[in-house]
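Please read the structure below before turning to the comments.
Coordinate-derived values only; no laboratory data. Note that this is a predicted model, so its numbers are computed, not measured. So basically every Cβ, Gly included, is an ideal-geometry build from the backbone, and we count neighbours across all protein chains shown.
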Amino acid sequence: MHAINFTDARKNFADTMQRVTDDAEPVRVIRRDAPDVVIMDAEEYEALIETVYLFSNPTNAAHINESMKQAERGEFVEVEY
């Protein structure tokens, strides 16, 4: 994750936001007398929250992990719609 101090983030806010969306990589804004903040692309944030939600249920997490192992072994099932 790229880090930038608050002053530089403020001076280059539009460029910083563009970098976040172009690179799909968050930027940490370091503040001297306050906690740091992170700027991230909204779609990346939503994907992260969805992943956390899906893995928060142990049964669902086990199913997803098993599915990933099957995919790594090349075990796929074709489905016709």
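Within the chain, the longest run free of exposed loop sites, counting trypsin sites (Lys or Arg not before Pro) that sit outside DSSP helix and strand states (H, G, I, E, B) and have at most 13 other Cβ atoms within 10 Å, spans 33-72.
Sorted fewest first by neighbouring Cβ atoms within 10 angstrom, Asp33, Asp23, Asp41 come out as Asp33, Asp23, Asp41.
Note on the chain: with a GNM built from Cα contacts shorter than 10 Å, the maximum mean-square fluctuation among Thr16, Thr59, Thr51 falls on Thr59.
Potential lengthening of the chain between Tyr81 and Phe13 amounts to 19.9 nm, from the contour at 0.36 nm per residue minus the alpha-carbon distance. Between the helical axis of 42-56 and the longest alpha-carbon principal axis of the chain there is an angle of about 50 degrees. Near Ile30, the amide H atoms lying under 5 Å from its own belong to Ile4, Asn5, Phe6; only residues 5 or more places off or on other chains count, and H is placed 1.01 Å from N.
The Cα-based radius of gyration of the chain, divided by its Kirkwood radius, gives an Rg/Rh of 1.20.
Amide H contacts of Asn12 (H built 1.01 Å from N, in plane; Pro and chain starts excluded): no residue 5 or more places away or on another chain comes under 5 Å. Using 0.36 nm per residue and subtracting the Cα-Cα separation, the extra length available between Met68 and Tyr45 on full extension is 6.1 nm. Which longest uninterrupted range of the chain lacks any GluC sites (Glu not before Pro) assigned by DSSP to a loop state (not H, G, I, E or B) and surrounded by at most 10 other Cβ atoms within 10 Å? Excluding the exposed sites themselves, the longest stretch runs over 1-74.
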